1. With +1 on the Cβ of every Lys and Arg and -1 on the Cβ of every Asp and Glu, and nothing else charged, how large is the dipole of the chain about its Cα centre, in debye rounded to the nearest 20?
2. Would you work out if the range 212-278 is rounded, prolate or oblate? Take a ≥ b ≥ c from the square roots of the eigenvalues of the alpha-carbon gyration tensor; rounded if a/c is under 1.5, else prolate when a/b is larger than b/c, oblate otherwise.
3. Under unit Cβ charges (Lys, Arg +1; Asp, Glu -1), what dipole magnitude, rounded to 20 debye, does the range 191-280 have relative to its Cα centre?
4. Hey, what's the chain come to in accessible area per residue, 1.4 Å probe, Å²?
5. Place the peptides 28-34, 42-48 in order of packing, highest mean first, counting for every residue the other Cβ atoms within 10 Å and averaging per peptide.
6. Towards the positive end of the charge dipole of the range 100-224, with charges on Cβ (+1 Lys, Arg; -1 Asp, Glu), say which of His102, Ala194, Leu157 has the farthest Cα.
7. Using helices alone, what [θ] at 222 nm do you get for the chain, with -39,500 (n - 2.57) per DSSP H run of 4 or more residues, divided over all residues and rounded to the nearest 500?
8. Restricting to the range 172-306, compute how many DSSP beta bridges are antiparallel as a %, nearest 5.
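The values are calculated or read from the model by the stated rules, or taken from the named source; none is laboratory data. Since we're looking at a predicted model, the values are computed, not measured. Cβ atoms come from the backbone with ideal geometry, glycine included; neighbour counts cover every protein chain shown. Accessible surface is based on the protein model in full, side chains and every heavy atom, while ligands, DNA and RNA are left aside. Shrake-Rupley method; radii C 1.70, N 1.55, O 1.52, S 1.80 Å.
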Amino acid sequence: MLTGKQIVFTAVNTAEVLDVEIGAPEAHQVIVKMAYTTISQGTERANITGNLDVHAFMPRPSETPIFPRYGGYSDAGTVVAIGEAVTNFKPGDRVAGWWGSHKSYCEFPDSNLIKLDDEIPFNAASVAHIACFPMGAIRKVRLEVGEAAVVMGLGILGVLAVKELRAAGAVPIIAVDPVESRRAFALKQGADVALDPNDADFVEQVKALTGGGAQVAIEVTGIGKALDQVLDVMRPRGRVALLGCTRNKDFTIDYYRKVHAPGVTLIGAHTAARPETDSYPGFWTVRDEMDAILKLQKGGRLDLQSIISEVHSPLEAPEVYRRMLTEREFPIGVQFDWSMLE
């Protein structure tokens, strides 16, 4: 029996670090000793605040949020135990996982792990699953080399989208966010220009920079006003990936003038829409996407470590999440280092 810690959202706006026990793995299960787990602010904010729309394909259980809830879905560590039917992993393997949690030891189906080359550090690998989300959106808009791209919203998904668009050959890459520190960070991560959407001439700025409008956009805020602004800066027949979760439904879009007439394509880019087994153009499985992200990291095309701004002991989680909920300029890349518990 393994014992450890887990970060648990026990009530609205409340994170606690609780003791947990891990039993023997089931037949197709792998137990991983976590090295790092990475915060994904949008998803974890929705969970800790009690948002009812946190599962895309499940009905709301009630009008009252149910706790406990859990954060963390992008992680890396070392295999410590395997189930009797597991053949593709062994204790000691370095792995990155998807759909784990902020926990000392995580139980994974053997289908939710990928081996890591020794050259890939755990802290970079812990960002890989989060990096799959914007990469999937970029695939769906079918970006062509040399096309202009707008990224609306510069949280961790938006900044990763900037980095991946640069690797994919977009130019110029226009990063958009009302928070100045996030714009500055996006410029360091590869954006060509960073703009404030609250500027009165925002639309004119984008059109001047792109020669008439962007061909592609990654909308990461999930806010209706931001989507409306994105549509204003698209050129005819542009493609917009809806990566941000539009949990706030209180907005109206003039679809006739902004989508229908100019022939703009709106594409749902939720990661749950991925195929389960076979990848095909524009729609890759999580495993294939993870493999691609890690190859880009190893080959020097995509530096995931550069996005990491703060690293904390898991015991600091209550204060970290308090800051996440209250600080407008909460850092982009925040990780928990589980070795700090040793």
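1. That gives the chain a dipole magnitude of about 800 debye.
2. Working: a/c = 2.08, a/b = 1.35, b/c = 1.55.
Oblate shape, in that a/c is at least 1.5 and b/c is the bigger or equal ratio.
3. I would put it at about 320 debye.
4. 44
5. Working: 28-34: 22.3, 42-48: 20.7.
Going by the mean number of other Cβ atoms within 10 Å, highest first, we get 28-34, 42-48.
6. The residue sitting farthest along the positive end of the dipole is His102.
7. Helix contribution divided over all residues of the chain: -7500 deg cm²/dmol.
8. Working: 1 of 13 bridges.
Taking every DSSP beta bridge within the range 172-306, about 10 percent pair in antiparallel fashion.
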